[in-house]
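The values are calculated or read from the model by the stated rules, or taken from the named source; none is laboratory data. These figures come from a predicted structure and were not determined experimentally. All Cβ positions, glycine included, derive from the backbone under ideal geometry; neighbour counts span all protein chains shown.
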Amino acid sequence: MEFRTIVNVPKPSFEIMPCERVLFVGSCFASNIGEKFIDWKFRTLVNPFGVMYNPASILHTVERRSEVFDTVFITLGTNHVYIEKATGEIVDNCNKRPQRLFDEQELSIAACKDYLCRAIELLRERNHDVKIIFTVSPIRYAKYGYHESQLSKAVLLLAVREVMADRTDSNVAYFPAYEIVNDELRDYRFYKADMLHPNEQAVEYIWQRFADAYLSFSAHTFLKEWQPLQAALNHKPFNPDGAEYKAFLAKTLQDIRALETKYGHKLDLSAYESIRICEG
């Protein structure tokens with residue numbers, strides 16, 4: 001007997017290759033998944049102007065970045081926007097200013113679709129073959145009320161469906177993170193203490209489901225080759241100044257350089273203190 005609902009994750013028409021240039025923009029859930037890509041050495045940029053919850057703010061991020069990306073991961077959190085009364089413009093962040101300075105409004109399905117389509121067109125001007133992956137954040141907005149939060153998610157889901165219906169022949173896909181959390185992982189053991197945000201176990205499971213469907217064979221091969229090297233860099237020795245550990249690090253660095261040569265990309269190792277020891 002099967003005691004849970006398994007969500008089908010369709011394979012997209014494209015694959016993600018090793019070390020691709022990836023942009024994550026959207027809700028804090030985008031940041032969670034983006035960290036996995038950073039760990040696995042994709043050339044990843046996550047929410048460069050802070051967390052963006054709605055389609056309008058996501059478009060603003062795309063407008064402000066001019067880099068070329070191979071894959072863009074857009075995670076939609078809400079259709080609620082805040083409009084500054086003095087300017088009549090949607091703001092990305094209220095910066096803790098008094099609420100009386102803003103009007104809160106809900107974007108329609110058509111408005112959400114328009115912002116997302118404009119973001120896609122901008123991205124495709126920079127790279128015609130860019131891959132776009134939409135998700136809807138599974139994080140509920142308690143401040144709206146749970147019913148209102150579900151209505152907001154429904155608007156986003158319908159907007160994404162309409163965007164994809166117009167682009168059946170392009171590199172646009174929908175990854176069902178929202179459905180996985182709400183169906184497969186519908187148990188509070190998969191949530192943090194606030195009972196709203198998915199915990200590390202849930203994020204890891206979503207990453208595995210994503211990797212199985214979206215990563216190419218060569219990307220999976222790269223991950224298997226990088227994993228022991230990452231473990232070696234994270235190793236905590238009893239004597240970090242000893243000759244034996246320094247020789248171990250030198251061999252690890254040699255293997256990393258060989259991996260970089262194989263895949264044609266230099267890996268960012270700045271987060272690892274052990275590399276500074278080795279190079280010092």
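Table: residues versus (1) in contact with a helix residue (DSSP H, G or I) (Cβ under 9 Å, 6 or more places away or on another chain); (2) on the phi > 0 side of the Ramachandran plot; (3) charged (D, E, K, R); (4) assigned to a helix (DSSP H, G or I).
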{"site": "153", "(1), (2), (3), (4)": "yes, no, yes, yes"}
{"site": "158", "(1), (2), (3), (4)": "yes, no, no, yes"}
{"site": "186", "(1), (2), (3), (4)": "no, no, yes, no"}
{"site": "202", "(1), (2), (3), (4)": "yes, no, no, yes"}
{"site": "207", "(1), (2), (3), (4)": "yes, no, no, yes"}
{"site": "210", "(1), (2), (3), (4)": "yes, no, no, yes"}
{"site": "220", "(1), (2), (3), (4)": "yes, no, no, yes"}
{"site": "223", "(1), (2), (3), (4)": "yes, no, no, yes"}
{"site": "228", "(1), (2), (3), (4)": "yes, no, no, yes"}
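Among the residues of region 8-40, write down those that are charged (D, E, K, R), within 15 Å of the chain's Cα centre (by Cα) and at pLDDT 95 or above.
Of everything in region 8-40, those that are charged (D, E, K, R), within 15 Å of the chain's Cα centre (by Cα) and at pLDDT 95 or above turn out to be 20, 21.
Under the condition of being within 22 Å of residue 32 (Cβ to Cβ) and surrounded by fewer than 13 Cβ atoms within 10 Å (Cβ to Cβ), which residue from region 138-156 is modelled with the highest pLDDT?
Per the criteria, the residue is 146.
Identify the single condition in (1) more than 23 Å from the chain's Cα centre (by Cα); (2) over 26 Å from residue 167 (Cβ atoms) that residue 106 does not satisfy, given that it satisfies every other one.
(2)
Scan region 71-88 residue by residue and report those that are of a type outside the set (A, V, I, L, M) and either outside the structural domain of residue 35 (by TED's automatic domain parsing) or closer than 25 Å to residue 162 by Cβ (or both).
71, 73, 75, 77, 78, 79, 80, 82, listed by residue number.
What are the pairs, 6+ residues apart or on separate chains, where a residue within region 240-253 that is modelled with pLDDT under 90 has its Cβ under 7 Å from a residue that is assigned to a helix (DSSP H, G or I)?
240/277; 246/278
Going residue by residue through region 2-14, is there one that turns out to be in the same structural domain as residue 207 (by TED's automatic domain parsing) and surrounded by fewer than 19 Cβ atoms within 10 Å (Cβ to Cβ)?
No; the residues of region 2-14 include none that is in the same structural domain as residue 207 (by TED's automatic domain parsing) and surrounded by fewer than 19 Cβ atoms within 10 Å (Cβ to Cβ).
Kindly indicate which of 132, 139 is touching a residue at least 24 places away in the same chain (Cβ under 8 Å) and over 20 Å from residue 59 (Cα atoms).
So the residue among 132, 139 that is touching a residue at least 24 places away in the same chain (Cβ under 8 Å) and over 20 Å from residue 59 (Cα atoms) is 139.
Is region 170-179 home to any residue that is farther than 30 Å from residue 265 by Cβ and assigned to a helix (DSSP H, G or I)?
yes
Residues of region 154-191 being under 19 Å from the mean Cα position of the chain (by Cα) and without any contact (Cβ under 8 Å) to a residue 12 or more places away in the chain, which ones?
Within region 154-191, 191 is the sole residue that qualifies.
Within region 84-111, which residues are closer than 19 Å to residue 64 by Cα and either buried (at least 17 other Cβ atoms within 10 Å of the Cβ) or touching a helix residue (DSSP H, G or I) at 6+ places or on another chain (Cβ under 9 Å) (or both)?
Within region 84-111, 90, 91, 92, 93, 94 meet the criteria.
Could you check region 230-275 and list, in sequence order, the residues that are polar (S, T, N, Q) and part of a loop (DSSP other than H, G, I, E, B)?
Passing the criteria: 234, 239, 270.
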